[in-house]
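Chemist: Have a look at this one.
The numbers here are math on the coordinates, done by the rules we state, and not lab data. Just so it is clear, the model here is predicted, and its values are computed rather than measured. No Cβ is skipped: glycine too gets one built from the backbone with ideal geometry, and neighbour counts run over all protein chains shown.
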Amino acid sequence: MKLYKDFVMQGLDKMYENPHCELNYSTPFELLVAVILSAQCTDKRVNMVLEELFKVANKPEDFVNMPTEELEKWIHPCGFFRNKAKSIKSASRDIIDKFGGEVPKAFDDLTSLAGVGRKTANVMISEAFGGDAFAVDTHVLRTSNRLGLVKTDNPDVCELELKKIFPKDKWSKMHYQMVLFGRYTCKAMKPDCFNCAFKDNCPSARLSLK
């Protein structure tokens, strides 16, 4: 596995040397709202919605005071707008009441917020606070299985397995590399195996290239 692990890291570096979050934000709280809205929605659409929303509301107090119906109208294009509005308002209230108006930095505190699971908490830790975390979304889960790194459909199990395989100081970078890899190369429906750095050693690529 060590040689294959190194091969994967080198391949990701070759394709995405300087990966970055594609959600637009200016503060940790804005990132939290963006990540909540990104569930089952593209970053591009979320950015379009937030470009206008953040002009009228970009702090926890703004969302607590905003009527639910108004927030739902703003975020409607992101899908699941009722649940997402409820999560944003509840998380905003908790941030004010429990954490002095600041987004908490500890994993357990983050996951205590409405709408914040392991993936979102890990994104916040790595992106907003510069920590080491390996967030597993649908892209990371899919590409990890296709590359033969894991064999599970459980994101939490996938996260733990990837953390065992790769060095801690690589986790955050690899999360974004694998997101971009899954988004633009190893796509769900039509993976671009011919132009993939792993095509000669990926078990899934060998099957599809036949």
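Chemist: Which order, highest average first, do 12-20, 53-61 follow once you tally other Cβ atoms within 10 Å for each residue and take the mean per peptide? Show your work: numbers first, answer last.
Modeler: Details: 12-20: 14.7, 53-61: 16.4.
Packing order, densest peptide first, comes out as 53-61, 12-20.
Chemist: If you fit an axis through the alpha-carbon atoms of helix 171-184 and take the longest principal axis of the Cα set of the chain, what angle between them do you get, 0 to 90°, nearest 10?
Modeler: 80 degrees
Chemist: Another question about this same structure. Please work out how much length the chain gains when fully extended from Asn18 to Asp62, using 0.36 nm per residue of separation minus the C-alpha to C-alpha distance, in nm with one decimal.
Modeler: Working: separation 44, 0.36 × 44 = 15.84 nm, distance 3.42 nm.
The Asn18-Asp62 span can extend by a further 12.4 nm.
Chemist: Here is a follow-up. Do the alpha carbons of any pairs in Lys105/Lys170; Lys163/Lys187; Lys5/Lys89; Lys14/Lys163; Lys151/Lys190; Lys44/Lys163 sit beyond 31 Å of each other, and which pairs? List each step's numbers first, then the result.
Modeler: Working: Lys105/Lys170 20 Å; Lys163/Lys187 23 Å; Lys5/Lys89 41 Å; Lys14/Lys163 21 Å; Lys151/Lys190 21 Å; Lys44/Lys163 29 Å.
In this structure, Lys5/Lys89 exceed 31 Å between Cα atoms.
Chemist: I'd like the orientation of helix 2-15 relative to the chain: the angle between its Cα long axis and the longest Cα principal axis, in ° from 0 to 90, rounded to 10.
Modeler: That helix lies at roughly 60 degrees to the long axis.
Chemist: Among 195-202, 81-88, 93-100, how do they line up from the highest to the lowest mean number of other beta-carbon atoms within 10 Å? Walk me through the intermediate numbers first.
Modeler: Details: 195-202: 17.2, 81-88: 19.1, 93-100: 15.1.
So the order, starting with the most tightly packed, is 81-88, 195-202, 93-100.
Chemist: List the trypsin sites (Lys or Arg not before Pro) within segment 107-188 that fall in a DSSP loop (any state other than H, G, I, E or B) and whose Cβ has at most 10 other Cβ atoms within 10 Å. Can you show the working numbers first?
Modeler: On the way: sites: Arg118, Lys119, Arg142, Arg146, Lys151, Lys163, Lys164, Lys168, Lys170, Lys173, Arg183, Lys187; in loops: Lys151, Lys187.
Within segment 107-188, the qualifying trypsin sites (Lys or Arg not before Pro) (loop, at most 10 other Cβ atoms within 10 Å) are Lys151.
Chemist: What is the distance in Å between the Cα centres of segment 93-117 and segment 135-210?
Modeler: 30 Å
Chemist: For the chain, take the longest principal axis of its alpha carbons; what is the angle in degrees between that and the long axis of helix 155-165, to the nearest 10 within 0 to 90?
Modeler: Relative to the chain, helix 155-165 is tipped by roughly 50 degrees.
Chemist: Here are several values of Cα extents along the principal axes in Å: [x] 56, 31, 28; [y] 47, 34, 33; [z] 47, 46, 33. Which one was derived from the coordinates shown?
Modeler: Here Cα extents along the principal axes in Å agrees with entry [x].
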